[in-house]
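Below is one structure; the comments refer to it alone.
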Amino acid sequence: MTTYDDLLHQIGEFGCFQKKVFLITCTLGFILCPIYTGIVFLGFTPEHWCSIPGVAELSKTCGWSLTEEKNYTIPTVSSGQSFTYSQCQRYDIKWNSTESDCFNPLSQFTNYSTSLSVTGCEDGWIFNGSGSTIATEFNLVCADAWKVDMFQSCLSTGFLAGSVVLGNLSDRFGRKLIFILSVFVTSVSGVLLAAAPSYPWLLVFRISQGLFSKAGWTVLYVLMTELVGSHYRRTVGALTQMGFSFGLFAVPAAAYFIREWRWLQFAFSAPYFFFLLTYWFLPESPRWLLSQNRNTEAMNVAEKIAKGNGTKLTTKVQNLKINNEEKECTRPPSFGSLIRTPQIRKHTLILMVNWFTSSVVYGGLVLRLGILGGNIYLDYVIAAVVELPTAVLIYIVIDRVGRRLPFAVSNLVAGIACLITAFVPEDLKWLKTCMALIGRLAITSGFELVCLVNAELYPTFIRNLGLSVCSAFSDIGGIISPFILYRLAAVWFELPLIVYGVMGLIAGGLAFLLPETKGRTLPETIEDIENMHRYDMKMKKFDCSVFNFRS
């Protein structure tokens, strides 16, 4: 019987046709990046203080500088060992109905009391800086500052629901249909978000964005994985991630030149419309078609790929068949399939832990730059530079030593680096910074490897569902990551790093329990997964017998 991998040898495992699909996948990762990380600029909260009626006119009359105006009209609050201007309170004085002294305007109000009463910013805020963000337009500061966090949490919530639901639909109705649907809804939601008239509508369109954007990329990634041969899956798995890494550089560049958040959001969303044109180029996955017993359609796609690669099918390959005795391939995919058998259940649980850990640690280390202080554009670029070499390193390493060892070591190194960073004294800032960057590099590698490994540890008929359900735990991690960072840092600034360190060590240890997938064809059935485990056990026994013989 001729298998699909035999077919790939005839039509080309990574020919011109697959390379075009690969380029589309990388480009989609490039424009997905602003959706996930654009909140840094869309939701940026600049320095602000209360807007006070009458103060602007008085300041103009008296010729006050901005510093003098704030000294006279804004109370100060303690900030560690220093004092800063309050961003949420002002003196309870009606300046527009008072004849004030330009040189000491508060003197007439302190004759009868040692302190002035204060009130909230009843008349809004003044924001320092040009441009606008969702925080400045909708006044999401002070008591409403949590609404910026809610805006981002809605995206992660959408990621979570979309990955599970659309992953299941992709395994039922095909990769191509769900991908095109995802692209359409993501692009429309992004444009509508740029025109949202109120905060509630912001949340509605943000959730819609989350529901379809990440799921669409996941579906396309699975399609790409199923189109190439086993010798090139590491190329696809490693280098596809570089699209997202390069996207990190585009975000601050766009934000630097586009200071109005609505136009910036439109710039982030408009490129998605071009991916609707891929409907006439992208094929359905032949692996998925064969798993659905749609052999004729699978052969038509194979012929299209062969033509794109400049090859021809032999008579033998044209008689491609699927073993109908494999009942699970024709059964609709379900969540129970991910835990029904021992080895797939083990894979599912370990991958869930690793997805969750990668998201929490990665997100925490990124957000930690914000509480360290510094230039927002510079900090963002530094983070992008650290991530960029990870895909190249993975590409070089996994072909030589396999998937499992780099996957496990990446998480272990991230955990150790976080623990060391937590205990390095503040006077050794250079060492503290270097260890934090090593941790960032390692967890980024772990994040990219878990996606590659996940796709190789499930049979075709539940591959997209398995990737979607497991990766959903990264969305859960994305939702709680800010709370882990900010709440624990309030107790002890380095406490989040301790948590990240422990999580990295646990995830790395569990990764050693997964089978090695280097050089293997993608599993098609449950039995393939069980045989993969038996093969690993056989090789371990062989290694032990050789060792005993040499002893």
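Here Thr433 sits with roughly 70 square angstrom of accessible surface, probe radius 1.4 Å.
Projected label points at Glu137 and Ser51, each 7 Å from Cα along the beta carbon direction, are separated by 1.6 nanometres. For the chain, the fraction of 1.4 Å probe accessible surface lying on carbon and sulfur atoms is 65 percent.
Judged by the mean number of other Cβ atoms found within 10 Å, the most tightly packed of the peptides 123-132, 177-186 leads the ranking 177-186, 123-132. Compared with the alpha-carbon gap, the fully stretched path from Leu495 to Glu426 is longer by 23.4 nm at 0.36 nm per residue.
Å³ per residue of the Cα convex hull, for segment 246-292?
With only Cα atoms used, segment 246-292 gives 119 Å³ per residue.
Rolling a 1.4 Å probe over the protein heavy atoms gives the chain an accessible area of 45 Å² per residue. When you filter the chymotrypsin sites (Phe, Trp or Tyr not before Pro) in segment 376-426 for DSSP loop state and at most 12 other Cβ atoms inside 10 Å of their Cβ, nothing is left. Site pair Cys434 and Arg345 shows an inter-label distance of 4.7 nm when each label is modelled 7 Å from Cα along Cα→Cβ. Taking a point 7 Å from the Cα of Tyr395 along the Cα-to-Cβ direction, the residues of segment 237-258 with backbone N closer than 15 Å to it are 237-247.
Each peptide in 58-68, 197-207, 147-157 receives the mean, over its residues, of other Cβ atoms within 10 Å, and ordering these scores from highest gives 147-157, 197-207, 58-68. Scanning residues 5 or more positions from Glu260 or on other chains, those with amide H under 5 Å from its amide H are Ser132, with H placed 1.01 Å from N in the peptide plane.
Distance from the C-alpha centroid of segment 163-237 to that of segment 333-362: 20 Å, rounded to the whole angstrom. Counting pairs of alpha carbon atoms under 8 Å apart in space and at least six apart in sequence, what relative contact order in percent does segment 148-255 give? Relative CO of segment 148-255 lands at 35 percent. Candidate membrane-span-like segments in the chain, meaning DSSP H helices with Cα atoms spread over at least 24 Å of their own axis and a Kyte-Doolittle mean of 0.0 or above, are 16-37, 146-173, 175-194, 199-227, 241-257, 342-372, 404-423, 429-456, 463-491, 495-511, with no membrane implied. Could you tell me how far the Cα centroid of segment 4-40 sits from the Cα centroid of segment 393-448, in Å? About 27 Å separates the Cα centre of segment 393-448 from the one of segment 4-40.
Neighbours of Ile35, meaning other residues whose beta-carbon lies under 15 angstrom from its beta-carbon, give a summed charge of +1 when Lys and Arg score +1 and Asp and Glu score -1. Applied to segment 127-139, the Karplus parametrisation 6.51 cos²θ - 1.76 cosθ + 1.60 on θ = phi - 60° returns per-residue 3J(HN,Hα) values of 10, 8, x, 8, x, 8, 9, 5, 5, 7, 6, 9, 6 Hz, with x for Gly and Pro. What shape does segment 1-73 have by the C-alpha gyration tensor, where a ≥ b ≥ c are the square roots of the eigenvalues, rounded means a/c under 1.5, and otherwise prolate means a/b greater than b/c and oblate the rest? Since a/c reaches 1.5 and a/b is larger than b/c, the shape of segment 1-73 is classed as prolate. Its DSSP H runs of at least 4 residues, each contributing -39,500 (n - 2.57), put the calculated 222 nm mean residue ellipticity of the chain at -22000 deg cm²/dmol, to the nearest 500. Relative to the Cα centre, the charge distribution of segment 2-81, modelled as +1 at Lys and Arg Cβ and -1 at Asp and Glu Cβ, gives a dipole magnitude of about 160 debye. For the chain, calculate the relative contact order in percent as a whole number, restricting contacts to Cα pairs under 8 Å that are 6 or more residues apart. RCO, the chain: 20 percent. Full extension of the segment from Cys62 to Arg487, taken as 0.36 nm per residue of separation minus the current Cα-Cα distance, would add 148.6 nm.
The values are calculated or read from the model by the stated rules, or taken from the named source; none is laboratory data. This structure is a prediction, so every number in the text was calculated from the model and none was measured. Cβ atoms come from the backbone with ideal geometry, glycine included; neighbour counts cover every protein chain shown. Just so you know, the surface numbers come from the protein's heavy atoms only, side chains and all, with ligands and any DNA or RNA stripped out. Shrake-Rupley method; radii C 1.70, N 1.55, O 1.52, S 1.80 Å.
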